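Here is the structure we will look at, set down as structure tokens.
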Amino acid sequence: MWNTINRQFTAYPERLKVARVLVENGLTVKNKKIYLNQIEIPPIRIARVAGVDRRTVSETLHAIDNHFKLKLIFEAIRPAGHSLKEIAKHLNLGVVEIRPVDAKAHGILATSAQILTDGGLSIRQAIVDDPELSPEPKLTLIVEKKIPGELISQLLKINGVAKVSVY
């Protein structure tokens, strides 16, 4: 997906910034308008976040509307949903972030989930950064209670794991 977007806007770095803001926030584009679910977002708000002017946002929306594949992507994209990570501490939940050596390595999510499950923890959320969109992708697992220390060493032994952080 990102390769398609990048190819279309590579000659227009400011439009690429706008497209990145749209993707990172799961914002939909329909009829040259921007939506967060059913809420219309004014172009000036996107311009401020992207660090561009409002006209650049309008040009980006026009380009999306005139490109078949981009139109399909941006009409169907949705926000991933809420994350409990920032409020986990207040809810007495455990959070573990796992940074891979290679984000395309197989089995990190499955093995991590198995270790936590075998340790008696129920996973409430699993959030995986897309390696095409995030410069430092990671796996974030939010579990029902604090993570015991002995599980951390097991997580570090997973093939392809570079770093484990617990919050």
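The values are calculated or read from the model by the stated rules, or taken from the named source; none is laboratory data. No experiment lies behind these values; they were computed from the predicted model shown. Because the Cβ atoms are built from the backbone with ideal geometry, glycine has one as well, and the counts that use them run over all protein chains shown.
In table form, for the structure just shown:
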| read-out | value |
| --- | --- |
| Subset of the stretch 101-119 that is assigned to a helix (DSSP H, G or I) and without any contact (Cβ under 8 Å) to a residue 40 or more places away in the chain - its residue that is surrounded by the most Cβ atoms within 10 Å (Cβ to Cβ) | 116 |
| Near pairs, Cβ below 8 angstrom, 6+ apart or cross-chain, from the stretch 143-167 (surrounded by 14 or more Cβ atoms within 10 Å (Cβ to Cβ)) to any residue that is acidic (Asp, Glu) and not in a strand (DSSP E or B) | 160/102 |
| In the stretch 133-163, residue farthest from residue 118 (Cα to Cα) [restricted to those that are over 18 Å from the mean Cα position of the chain (by Cα) and either basic (Lys, Arg) or outside the structural domain of residue 106 (by TED's automatic domain parsing) (or both)] | 163 |
| Test: residue in the stretch 6-15 that is acidic (Asp, Glu), buried (at least 16 other Cβ atoms within 10 Å of the Cβ) and not assigned by TED's automatic domain parsing to the domain that holds residue 156 | yes |
| Among (1) of a type outside the set (A, V, I, L, M); (2) at pLDDT below 95; (3) more than 30 Å from residue 157 (Cβ to Cβ), the one test that residue 65 misses | (2) |
| Which listed residue, of 127, 98, is free of Cβ contacts under 8 Å to residues at least 60 places away in the same chain and of a type in the set (A, V, I, L, M, F, W, C) | 127 |
| Qualifying residue in the stretch 44-56 (condition: under 18 Å from residue 6 (Cβ atoms) and touching a residue at least 40 places away in the same chain (Cβ under 8 Å)) | yes |
| Every residue from the stretch 103-136 that is more than 30 Å from residue 34 (Cα to Cα) and either touching a Phe, Trp or Tyr at 6+ places or on another chain (Cβ under 7 Å) or at pLDDT below 90 (or both) | 103, 104, 105 |
| Residue within the stretch 80-98 that is modelled with pLDDT of 95 or more and under 30 Å from residue 3 (Cβ atoms) present | yes |
| The one condition in (1) under 30 Å from residue 3 (Cα atoms); (2) surrounded by 12 or more Cβ atoms within 10 Å (Cβ to Cβ) that residue 76 fails to fulfil | (2) |
| Lone qualifier among 122, 83 - being among the hydroxyl-bearing types (Ser, Thr, Tyr) and either farther than 28 Å from residue 29 by Cβ or without any contact (Cβ under 8 Å) to a residue 24 or more places away in the chain (or both) | 122 |
| Count - residues of the stretch 31-87 that are part of a helix (DSSP H, G or I) and over 30 Å from residue 143 (Cβ atoms) | 29 |
| Of residues in the stretch 19-43 being touching a residue at least 40 places away in the same chain (Cβ under 8 Å) and more than 17 Å from residue 69 (Cα to Cα), the one surrounded by the most Cβ atoms within 10 Å (Cβ to Cβ) | 25 |
